[in-house]
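Inspection log for the structure reproduced underneath, given as structure tokens.
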Amino acid sequence: MPLKTRLLAILFLFITPDLRAQEKHKDTGYLIFTLGKDTTLIGHYQVNGDDFDMTVLVRLTSEVHKLKGTLFPTGECKSVEGYAYKTVPGTDSVLLQTYSLVTRSDSTFTEQRIGGNVSRFGYAGKGMLHLGIYPYVFFTPLMALRAPGKSGDSLRSAHFVYGTKYPFTLKRINKSTVAAGSPVMGMFTIYLDKKGKPNYIDAIGSSLNVKGRILSYLNLDSLIRSEAIRAQQYGVMPPLNKPDSVQATIGTTGIHIAYSRPSRRGRVIFGEVVPWNRFWRTGANAATKIRLSGPIFFADKELPAGEYSIFTIPSKNGWTLMFNKEANIWGTQYNPAHDVLRVPMQVEQVKEPVDLMTIEVVPVNGGGVIRVLWENTKASVAFTTRK
């Protein structure tokens, strides 16, 4: 074989793996997230090797996020620059915020500017982006392209959120399924097509509780203009979850429950939005929290005075109510090791559907009852203030 041919063959052996890696990490798509019947996020992402850019339209607030950056081979963020703006028909766009991320010497630094306010954080190590919850979810298809190749293998990293570092997992479930997430975001399941590219995302049970589908094309610029006109005429979309609280005095014991109330929005709730046989934050957003001025008793089980987060495990045959000593946490950060008490709940069907999830504390027979109502379901448990 001539020397020139040999040199070209050797060069080809070195270049081919790089080309294959570039092709593996090359993808583009238009991603639509829905919450029940509502379209909440629409956007475009593009990744070419380690470089990416994306545009995200947040229909809840009628704002647009644009960002670009570079990833490490593992999928962690090396550098990111982005900004958010709101389009107002007939005028220039209004800049809402800017943000950036950079990793130096195995430390990560973030900066966010909103008006005259600047927030800066530094973290040890590399990690996944969190410069706003909405851009984060558009990283899920990019993460899927970096998942380990062998079923069952995981990539462990970090998720940086406003000064706090959480563990992050990117796991290969099988050839066509990848899972990605952290305790604060919950887990996203990404389904891949025959070419190994993302085409569907199931984030039910996560912080956003959405489903996403990936299309080959959308006229995103037209959608952004249409959303700006809609927002100008009708205002931004109402909040998807309503903060609320309930309080009662049973005997001499004061009981206060603070929670966020999700709405049904035409969805099948139990068994789908709220899966059977796994923990549920029993509300939305931050964990539902109960404050007691004195102890309460469930049969012979005592819950001392204090503050607790509330979680439940719904099942077809009955629910379990958990009181957790970590009172001030996000709703996906449940750790069963910190439960102080678990009690069974009775479940019955109600005739009139309940659209806005509701928690009640009502006096009954010298004691009280805690009730959770949503869709066609009412779960309840009785308690007393004396043993």
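The values are calculated or read from the model by the stated rules, or taken from the named source; none is laboratory data. Bear in mind that the values here come from a model prediction, so they are computed numbers and not experimental data. As a convention, Cβ positions derive from the backbone with ideal geometry for all residues, glycine included, and neighbour counts pool all protein chains shown. Quick note on the areas: whole protein, heavy atoms, side chains included, nothing else; ligands and nucleic acids left out. Shrake-Rupley method; radii C 1.70, N 1.55, O 1.52, S 1.80 Å.
Values as computed for the structure displayed
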read-out: Additional length obtainable on full extension of the chain from residue 305 to residue 247, 0.36 nm per residue less Cα span; value: 19.4 nm
read-out: Tilt relative to the chain, helix 220-234 - C-alpha long axis, 0 to 90 degrees, to 10; value: 30 degrees
read-out: The chain - percent of accessible surface contributed by carbon and sulfur, probe 1.4 Å; value: 52 percent
read-out: Sparse-neighbourhood loop sites, trypsin sites (Lys or Arg not before Pro) in the stretch 169-200 - DSSP loop, at most 13 other Cβ within 10 angstrom; value: 175, 194, 195
read-out: For residue 386, net neighbour charge (Lys/Arg +1, Asp/Glu -1) across residues whose Cβ lies under 15 Å away; value: 0
read-out: Net +/- balance of residues flanking residue 319 in space, Cβ distance below 13 Å, scoring K and R +1, D and E -1; value: +4
read-out: Listed candidates (1) 186; (2) 199; (3) 267 - label of the one calculated as volume of the Cα convex hull per residue in Å³; value: (1)
read-out: Given 13 as the ceiling on other Cβ atoms within 10 Å, longest exposed-site-free region of the chain for chymotrypsin sites (Phe, Trp or Tyr not before Pro) in DSSP loops; value: 1-161
read-out: For the stretch 163-266, Kirkwood radius (reciprocal of mean inverse C-alpha pair distance, Å); value: 18.0 Å
read-out: Scaled radius of gyration (Cα, divided by 2.2 N^0.38 Å) that the stretch 19-131 gives; value: 1.19
read-out: Two-decimal ratio, the stretch 29-75, of alpha-carbon radius of gyration to 2.2 N^0.38 Å; value: 1.32
read-out: Stokes-Einstein diffusion coefficient of the stretch 241-387, Kirkwood radius over Cα pairs, 4 °C, 1.567 mPa s, in µm²/s; value: 85 µm²/s
read-out: Space enclosed by the convex hull of the alpha-carbon atoms of the stretch 296-376, per residue, Å³; value: 127 Å³
read-out: Charge sum, other residues only, whose C-beta stays under 11 Å from residue 74's C-beta, Lys/Arg counted +1 and Asp/Glu -1; value: +2
read-out: Per-pair calculated FRET efficiency, R0 = 41 Å: residue 226 and residue 106 via Cβ, rounded to 0.05; value: 0.40
